[in-house]
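See below for the structure under consideration.
Just so it is clear, none of the values below were taken in a lab; they were calculated from the coordinates. Quantities reported herein were computed from a predicted structural model and do not represent experimental measurements. Using ideal geometry, Cβ is built from the backbone for each residue, glycine included, and neighbour counts are taken over all protein chains shown.
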Amino acid sequence: MREGSVGLLTFPIKRSGVRPLSNLIRILSGLTRERITLVTGNAGRVFENDERIRFSGVDHTAGSNVVSRVLHNIMTQARVAYQIAEQNEIDIWIFFFGGEVLVLPMAAARFLGKKVVMALPGHTATMMAPAGDRLILPARILTGMTCRLCDRIVLYSPALVNHWGLERYQEKIAIAHEHLLDFETFGVEVPFNERPVTVGYIGRLAEEKGVWNFVRALPWITAGRRDVHILIAGGGPLLPGIRGFVRESGLAERVTFTEWIPHEDLPLHLNDLRLLVLPSYTEGLPNIMLEAMACGTPVLATPVGAVPDFIRDGETGFILASNTPEGIATSVLAVLSRPDLEPVAKAARDYVRKEITFEQATEQFAVVIDGLRN
């Protein structure tokens with residue numbers, strides 16, 4: 001990649017965004033000798049003292065009702081736009097987490113003559129849909145505006161074009177991902193046939209993840225297999241209700257809750273699972289799926305986003321045909337009864353080790369950025 005100034009910004013992120021953002025910083029740092037300008041906040045402040053970074057902090061507080069949510073969002077966008085104006089030496093801005101709703105910062109960048117890449121790890125409006133969020137229409141309008149304003153839209157997979165309704169922007173779309181795995185850390189520590197019969201969900205406890213359907217499937221799963229134990233790991237708005245359902249269903253002794261697993265501890269938990277279930281309504285390319293595959297843990301997931309690029313049903317994992325509670329229970333019990341789980345787990349591990357490499361990710365982003373400079 002030819003030299004030039006690259007800026008990276010996000011809507012202020014949560015803890016779940018730190019690892020993907022760290023990966024993208026590592027990739028971009030490999031493409032330039034200059035420090036990367038980073039505008040983010042909240043959990044993103046972990047990068048304040050990173051020597052690879054010129055850091056600008058913008059924090060965000062979510063409002064308690066629709067009006068305050070809108071006003072706080074506008075204020076945060078204005079502060080991010082100010083940071084863009086203050087750092088006029090940047091040639092290319094990459095909008096990452098939440099970038100598709102950051103109309104004011106993107107308009108500021110384009111007004112100043114900057115190139116803009118919108119790298120989408122998720123799609124805000126699509127994530128809002130399962131919960132019936134009242135701001136879904138404004139999110140869709142903002143996304144349409146940023147898609148028109150930006151120069152490139154980076155997706156994890158061609159499948160996301162239709163999944164997120166981006167067909168009209170086909171000429172702007174490039175395929176790249178920031179996913180990186182440390183295969184010295186994420187690997188098989190416990191042989192598959194020595195693992196307990198534990199079925200797990202690891203992720204955010206939110207409507208778009210389909211986790212309520214998984215929880216409602218637990219009475220059927222535990223009745224169908226007396227030896228099954230359940231792990232639910234993660235935090236989010238649904239946690240109190242999920243705990244209550246488990247308790248009222250008499251499943252407290254069969255279910256273990258872990259609210260947040262530090263990234264360095266994930267391999268330990270993944271090596272303790274026979275099956276990871278991801279019943280999401282929408283996804284980009286879930287990190288936890290790739291990490292489970294690297295640890296030799298079979299994954300049962302809905303075929304959304306880039307999931308089918310990595311999970312071939314019955315070969316490198318299992319596709320969840322229906323994420324209704326009944327559908328999840330039927331699929332979990334069927335998968336657990338298969339005699340070929342260990343070969344499937346090995347095939348998944350081999351596949352992810354081949355496909356997720358630093359060299360591949362760096363080359364993909366180099367092509368995107370160099371294409372804007374030609």
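At most 13 other Cβ atoms within 10 Å and a DSSP loop assignment: could you name the trypsin sites (Lys or Arg not before Pro) in the range 87-136 that fit? Don't jump to the answer; show the numbers that get you there.
On the way: sites: R110, K114, K115, R134; in loops: K114, R134.
Qualifying residues, ordered by number: R134.
In order along the range 273-289, the Karplus-derived 3J(HN,Hα) couplings, from 6.51 cos²θ - 1.76 cosθ + 1.60 at θ = phi - 60°, round to 10, 8, 7, 9, 10, 10, x, 5, 7, 8, 8, x, 9, x, 4, 5, 5 Hz, and Gly and Pro are given as x. Post the alpha-carbon centroid distance, the range 160-186 to the range 13-31, in whole angstrom. Taking the Cα centre of the range 13-31 as reference, the centre of the range 160-186 is 15 Å away.
Considering only V70, V117, V215, the mean-square fluctuation computed in a Gaussian network model of the chain, springs between alpha carbons under 10 angstrom, is largest for V70. 3J(HN,Hα) along the range 214-220: 4, 4, 5, 7, 4, x, 5 Hz, from the Karplus curve 6.51 cos²θ - 1.76 cosθ + 1.60 with θ = phi - 60°, whole Hz, x for Gly and Pro.
Spacing of the modelled spin labels on I175 and L112, each 7 Å from Cα toward Cβ, amounts to 3.4 nm. Can you tell me how the range 192-355 classifies by the Cα gyration tensor, rounded, prolate or oblate, using a/c under 1.5 as the rounded cut? Since a/c stays below 1.5, the shape of the range 192-355 is classed as rounded. Legend: calculated FRET efficiency, D340 to D227, from the Cβ-Cβ distance at R0 = 25 Å, rounded to 0.05, equals 0.85.
Take the chain and mark each of the chymotrypsin sites (Phe, Trp or Tyr not before Pro) that is in a DSSP loop with at most 15 other Cβ atoms within 10 Å; the longest unmarked stretch, sites excluded, is 1-182.
Comparing G113, N287, V46 along the charge dipole axis of the chain, the residue lying farthest to the positive side is G113, per the Cβ-charge model.
Less than 5 angstrom separates the built amide H of T302 from those of L278, S280, L320, all sequence-distant by 5 or more or on a different chain. In the elastic network of the chain, a GNM with C-alpha springs shorter than 10 Å, the most mobile of R353, R168, R312 is R168.
Between the helical axis of 66-86 and the longest alpha-carbon principal axis of the chain there is an angle of about 50 degrees. Here the 3J(HN,Hα) profile of the range 362-369, calculated from phi with Karplus coefficients 6.51, -1.76 and 1.60 at θ = phi - 60°, is 5, 5, 4, 6, 4, 5, 4, 6 Hz, Gly and Pro shown as x. Using the Cβ-Cβ distance between V188 and E259 with R0 set to 30 Å, the FRET efficiency from 1/(1 + (r/R0)^6) comes to roughly 0.70. With coordinates expressed along the principal axes, the C-alpha atoms belonging to the chain extend over 63, 45, 40 Å, beginning with the largest. So for the chain, taking the charge dipole from beta-carbon charges (+1 Lys/Arg, -1 Asp/Glu), which of V101, A345, Q364 sits furthest toward the positive end? Farthest towards the positive pole: V101. When the chain is treated as a GNM with alpha-carbon contacts under 10 Å, the residue of S56, S64, S337 showing the greatest mean-square fluctuation is S64.
Annotation note: GluC sites (Glu not before Pro) in the range 4-96 located in DSSP loop regions with a Cβ neighbour count of at most 15 within 10 Å are E34, E48, E51, E89.
Looking at the range 176-251, the GluC sites (Glu not before Pro) that sit in a DSSP loop and have at most 13 other Cβ atoms within 10 Å of their own Cβ are E184, E189. Helices in the chain, meaning DSSP H runs of at least 4 residues, each add -39500 (n - 2.57). Divided by all residues, the mean residue ellipticity at 222 nm is -12000 deg cm²/dmol. One Cα centroid belongs to the range 91-135, the other to the range 200-251; the line between them spans 32 Å.
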